[in-house]
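The values are calculated or read from the model by the stated rules, or taken from the named source; none is laboratory data. From a predicted model like this one, the values you see are computed outputs, not experimental measurements. Cβ coordinates were reconstructed from backbone atoms using ideal geometry, including for glycine residues, and neighbour counts include every protein chain displayed. For accessibility, only protein heavy atoms count, side chains too; no ligands or nucleic acids. Shrake-Rupley method; radii C 1.70, N 1.55, O 1.52, S 1.80 Å.
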Amino acid sequence: MLDQIEIKAPDISTFRKGNMGIDFVHQFDSRLEGPHVGISAIVHGNEICGSVALAHLLENNIRPVAGKLSLIFMNIGAYELFNPDRPYASRYIDEDFNRIWDPVSLNGPANTKEKRRAKQIRPIIDDLDYLLDIHSMGDICPPITLCGPSDKGLNLAKSVSASEIVVIDKGHASGCRLRDYGDFNNSASLKNALLIECGQHWHKSSATVAIEASYRFLHHFKMISDEVASPYLSDRAKPQKILEVTDVVTVKNDAFFFDLSPEPLQKMSHKDSLIGRDGTEAIRTPYNDCYFIMPQQGARCGQTAVRLAKEIKN
């Protein structure tokens, strides 16, 4: 975990007035044939690397040469509360904005600030063909692309190559992520989405990763030229490592605790190694060479404590 804030949350007030009648939503249409691609940031208000990336794209007048591009600052209310002295306090205001993207939540009463914002943005999301959702992590960890459970997500993650680590997963029991919304998660639909965890929330490298991931995503869909993209693309010398989540440890009791101090992407070599205890239940690794995906110290009842994954052939 990083205590020092190495990147400054940019002042995005200049981007408040978008061009779609919705604050902080900017859309650019090339009027030429191509997909509608979106990049979203600050679904969690303290994950500021995405705001750095969107501000960069807007300040540099990045425009699609084909198709349509939407740039969306998501949980503005939480972001505006970000305070470097209390950096964990502004993840959200009323509820986790990345657990409400299911029909029951979205079609129900708009009784939280997050749901009201989601209802504003939903028409834009519904119109997208492809989405890159930019996030970051509490622990120091290499960037991870979460591609969902279907082959189409994995294939897109491989093609974009935004990170060396790709994780196949189904999300969380506590609610639906934006990446898993609607047809993004329908294997029969061509619509697709990726969620990238760019590194530790406030490590300076996370902003660099967020900017590069944005350029890679747009370049993949031929929305920007080689000349525009190439200054921001690093070499991908190493092959990608593909990890598939097989088990999600969801906390059942407030008495949950880890028996060890799990590290992100830590590999436990032996089956039945003790991970922790949920009340009186012992939680153990289900197989040899088991990877920990984004362990969460202090997870409460109903939240994900850790996801367990195995490596699959690329």
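Distances between placed amide hydrogens fall under 5 Å for Asp247 paired with Leu308, all partners being 5 or more residues away or on another chain. For segment 1-77, what is the relative contact order in percent, using Cα pairs closer than 8 Å and at least 6 residues apart in sequence? Contact order relative to length: 39 percent. Here the contact order of the chain, divided by its residue count and restricted to Cα pairs under 8 Å and six or more residues apart, works out to 17 percent. Residue by residue, segment 44-55 carries 3J(HN,Hα) couplings of 10, x, 9, 9, 7, 4, x, 5, 4, 5, 5, 4 Hz when phi is fed to the Karplus relation 6.51 cos²θ - 1.76 cosθ + 1.60 (θ = phi - 60°); x denotes Gly or Pro.
To the nearest 10, the accessible area of Ile93 is 60 Å² with a 1.4 Å probe.
Checking every one of the chymotrypsin sites (Phe, Trp or Tyr not before Pro) in segment 95-151 against DSSP loop status and a limit of 13 other Cβ atoms within 10 Å picks out no site at all. Sorted largest first by accessible area at a 1.4 angstrom probe radius, with every protein chain in place, the residues Arg177, Arg277, Arg99 fall in the order Arg277, Arg99, Arg177. Peptides 184-197, 47-60, ordered by how many other C-beta atoms sit within 10 Å of their residues on average, highest first, read 47-60, 184-197.
The alpha-carbon atoms of the chain, seen along their principal axes, cover 59, 44, 41 angstrom, with the largest extent given first. Each residue of segment 28-41 was assigned a 3J(HN,Hα) from its phi angle through the Karplus expression (A = 6.51, B = -1.76, C = 1.60, θ = phi - 60°), giving 10, 10, 6, 6, 10, 4, x, x, 9, 10, x, 10, 10, 9 Hz with x at Gly and Pro.
For segment 94-222, averaging the sequence separation of C-alpha pairs within contact (under 8 Å, six or more residues apart) and dividing by the residue count gives a relative contact order of 32 percent. With all pairs of separate Cα atoms included, segment 227-306 yields a Kirkwood hydrodynamic radius of 14.4 Å. Please work out whether segment 89-196 counts as rounded, prolate or oblate from its C-alpha gyration tensor, where a ≥ b ≥ c are the square roots of the eigenvalues and a/c under 1.5 means rounded, while otherwise a/b larger than b/c means prolate and anything else oblate? Taking the square roots of the gyration eigenvalues as a ≥ b ≥ c, segment 89-196 is oblate.
Taken one residue at a time, the phi angles of segment 168-173 give Karplus couplings (6.51, -1.76, 1.60, θ = phi - 60°) of 8, 7, 10, x, 10, 5 Hz. Gly and Pro are set to x.
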